[in-house]
1. For segment 12-62: of the residues being among the hydroxyl-bearing types (Ser, Thr, Tyr) and assigned to a loop (DSSP other than H, G, I, E, B), which is nearest to ligand 2 (Cβ to nearest atom)?
2. Which one of these does residue 184 not meet: (1) more than 18 Å from the chain's Cα centre (by Cα); (2) within 16 Å of ligand 1 (Cβ to nearest atom); (3) assigned by TED's automatic domain parsing to the domain that holds residue 51?
3. If you scan segment 265-277, which residues turn out to be in a helix (DSSP H, G or I), among the polar types (S, T, N, Q) and in contact with a Leu (Cβ under 9 Å, 6 or more places away or on another chain)?
4. Within 20 Å of the chain's Cα centre (by Cα), without any contact (Cβ under 8 Å) to a residue 40 or more places away in the chain and either assigned by TED's automatic domain parsing to the domain that holds residue 137 or within 22 Å of residue 205 (Cβ to Cβ) (or both): does that describe residue 79?
5. Examine segment 67-87 for a residue that is within 12 Å of ligand 1 (Cβ to nearest atom), part of a strand (DSSP E or B) and farther than 21 Å from residue 14 by Cα, and state whether such a residue exists.
6. Within segment 106-124, how many residues are small (Gly, Ala, Ser) and surrounded by fewer than 21 Cβ atoms within 10 Å (Cβ to Cβ)?
7. When both residues are 6+ apart or on different chains and their Cβ atoms are under 7 Å apart, which pairs have a first residue that lies in segment 24-53 and is of a type in the set (Gly, Ala, Ser), and a second that is assigned to a helix (DSSP H, G or I)?
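The values are calculated or read from the model by the stated rules, or taken from the named source; none is laboratory data. It should be emphasised that the depicted structure is a prediction, and the values quoted were computed from it without experimental measurement. Positions of Cβ are generated from backbone atoms using ideal geometry, with glycine treated the same way; all protein chains shown enter the neighbour counts.
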Amino acid sequence: MAASEEALMWVEKYRPKTLDEVVGLKDIVESLKAFMRNPKTMPHLMFAGVPGTGKTTLALAIAHTLYGANWKSFTLELNASDERGIDTVRDRIKDFSRYSRTGFGGDIPFALIILDECDQMTGPAQTALRRIMEVGSRTSRFILICNQSSKIIEPIQSRCAIFRFSRVEKQAMKDHLICIAKNEGYTLVPEAAERIVDFSEGDLRHAINSLQTASAYKEGVIDEKTVALVIGEASPMLVQKMIRKALYGDFMEARKTMYDIMGSFGFSGTEIIRQIQREIFKMSDLTPTQKAELSGVIGEYDFRLTEGANSDIQLSALLAQFAKFGKGIEENYAEAK
Ligand SMILES: Nc1ncnc2c1ncn2[C@@H]1O[C@H](COP(=O)(O)OP(=O)(O)OP(=O)(O)O)[C@@H](O)[C@H]1O
Ligand SMILES: [Mg+2]
């Protein structure tokens, strides 16, 4: 990617440079700061967890903190799953150690090697990495990054202090999005921020990207509707309302809500059906068996739509099926009593 293009990406523009700027992750940041106060005590580190939560960001922030502006001279960033193989990785680490040993930054007695995507490495490659770490330990500290630590062989795990990154906390994410929007000259409505946060499931990268896409739709204010367009989802509340109305006997009202959703969000029948499917599984008032049965019905209508049937008619028919199904639920209750 060209440098200018990168600068336009908010995820890069707002990538924290220091540990203090990182959003959430309080415990992890505190432990890392303790190592930074006395870098000689820093062990090899492993960052494991959910995508887009700050693993690479923190590794780079550590490099900044240790070496200052000159950090690039003392930091080697590699993709461990490089398709050219572990030998290439080993050669690059060897070259780097040789060179970096000749002039460490200040009183930091080691260079930093950041290895991303370690969980994509094969078993033999991991065994080779273990050797590389053993040989390089005197002159280097490793930060291994992966999504699942369970995919890393035990001897490597036991050489590292493992930090587990869980989803970024919702409120912190929301505040961060509002702050970025403001800085870019937009007002992000709180409800819209919540929708992005909910949809991103703790992945801050995804959230910031969604925000940036939403900003391209409209100048000034980013509201719920704009966000809905970006994430391809109508308001979950509204969709659930439609489902409940159908199930609990108000077919005409359900159909009206369906037209509201189609009209105000401009989604296709297929998009709405897919969302109905997602929402069904979130509804706590349905049993797993009922969810499975409804899912079967939804599948049938989804198929018809992909075959080119008319959206309005098929969605109405789906809601009618829901109404019929809902009646069955009530009758079963009545019989059971
Ligand atoms: N905790 C965080 N604080 C601030 N910004 C964050 C945080 N986590 C992610 N981001 C934002 O998301 C972008 C991507 O984060 P990062 O590259 O650190 O994710 P990652 O955890 O390494 O993900 P992956 O597992 O996909 O490599 C950053 O550039 C930054 O803009
Ligand atoms: Mg990363």
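1. If we take residues in segment 12-62 being among the hydroxyl-bearing types (Ser, Thr, Tyr) and assigned to a loop (DSSP other than H, G, I, E, B), then 53 is nearest to ligand 2 (Cβ to nearest atom).
2. So the condition that residue 184 fails would be (3).
3. Answer for segment 265-277, where residues must be in a helix (DSSP H, G or I), among the polar types (S, T, N, Q) and in contact with a Leu (Cβ under 9 Å, 6 or more places away or on another chain): 270, 277.
4. yes
5. Scanning segment 67-87, I find at least one residue that is within 12 Å of ligand 1 (Cβ to nearest atom), part of a strand (DSSP E or B) and farther than 21 Å from residue 14 by Cα, so the answer is yes.
6. Count: 2.
7. Within 7 Å, the pairs are 24/172; 48/149; 49/55; 52/204; 52/205; 52/206.
Residues checked against (1) charged (D, E, K, R); (2) closer than 20 Å to residue 327 by Cα:
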| position | (1), (2) |
| --- | --- |
| 228 | no, no |
| 240 | no, yes |
| 249 | no, yes |
| 252 | no, yes |
| 289 | no, yes |
| 293 | yes, yes |
| 302 | yes, no |
